[in-house]
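*Asks:* Got a structure for you, written out below as structure tokens; questions coming shortly.
Only the coordinates and a few stated rules stand behind these numbers; no lab work does. In this text, all values refer to a predicted model and were calculated from it rather than measured experimentally. Every residue, glycine among them, receives a Cβ derived from its backbone with ideal geometry; neighbour counts consider all protein chains shown.
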Amino acid sequence: MQPDAPQRPLPVTNEDTHAFWTGGERGELMIYRCENCRTYVHPPAPFCPECESRKVGPEPVSGKATVATFTVNHRQWLPGLPVPYVVALVELDEDPTVRLPTNIVGIDPEKVTIGMPVEVTFEQVEDLFLPMFQPRKD
Ligand code: ZN
């Protein structure tokens, strides 16, 4: 890593969250899903909150989502992380109740809107692939 590269706080991974933070290596956004009742389980947990099945595991989703809410951060919290940047919650197309906290990239922060269709892109930091979202190209 370059010494002056943006220093994002890195997530701590465990058995359940590992797939979410590393699926980007294959270009896949991995979301936990219950094999029994097909509910998406996010944040990842070792059992399904709907039916309590322990048959849960990561499955790739389309990576398409919609901006549910966002704020533009103008404050430089971290040396090297350029401001302004957009902190958002996005709803997955597969299930809008699954909301991911993320950053919106690839667009002027002032142009981000609620309801904007976005798609996943990944930023590699060390051995993790952080899911970010950018405006859809299609
Ligand atoms: Zn279930």
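*Asks:* Looking at the range 86-99 only, could you name the residues that are surrounded by fewer than 18 Cβ atoms within 10 Å (Cβ to Cβ) and more than 23 Å from Cys34 (Cβ to Cβ)?
*Replies:* Val87
*Asks:* Based on what the data block shows, is Leu100 touching a residue at least 40 places away in the same chain (Cβ under 8 Å) and either aliphatic (A, V, I, L, M) or within 16 Å of the ligand (Cβ to nearest atom) (or both)?
*Replies:* Numbers: touching a residue at least 40 places away in the same chain (Cβ under 8 Å): yes; either aliphatic (A, V, I, L, M) or within 16 Å of the ligand (Cβ to nearest atom) (or both): yes.
Criteria met by Leu100.
*Asks:* Can you pull out the residues in the range 100-138 that are in contact with an Asp or Glu (Cβ under 9 Å, 6 or more places away or on another chain), surrounded by fewer than 18 Cβ atoms within 10 Å (Cβ to Cβ) and under 23 Å from Tyr32 (Cα atoms)?
*Replies:* Result: Pro117, Gln124, Asp127, Leu130, Gln134.
*Asks:* Kindly provide the set of residues from the range 22-78 that are surrounded by 14 or more Cβ atoms within 10 Å (Cβ to Cβ), away from the ligand (no atom under 16 Å from the Cβ) and free of Cβ contacts under 8 Å to residues at least 24 places away in the same chain, ordered by number.
*Replies:* Answer for the range 22-78, where residues must be surrounded by 14 or more Cβ atoms within 10 Å (Cβ to Cβ), away from the ligand (no atom under 16 Å from the Cβ) and free of Cβ contacts under 8 Å to residues at least 24 places away in the same chain: just Asn73.
*Asks:* Also, quick follow-up: Counting residues that are touching a helix residue (DSSP H, G or I) at 6+ places or on another chain (Cβ under 9 Å) and under 20 Å from Val12 (Cα atoms), which strands (runs of 3 or more DSSP E) fully inside the range 25-138 reach at least 2?
*Replies:* On the way: elements: 29-34, 56-61, 64-73, 85-92, 99-104, 117-125, 128-135.
Filter on the range 25-138 gives 29-34, 56-61, 117-125, 128-135.
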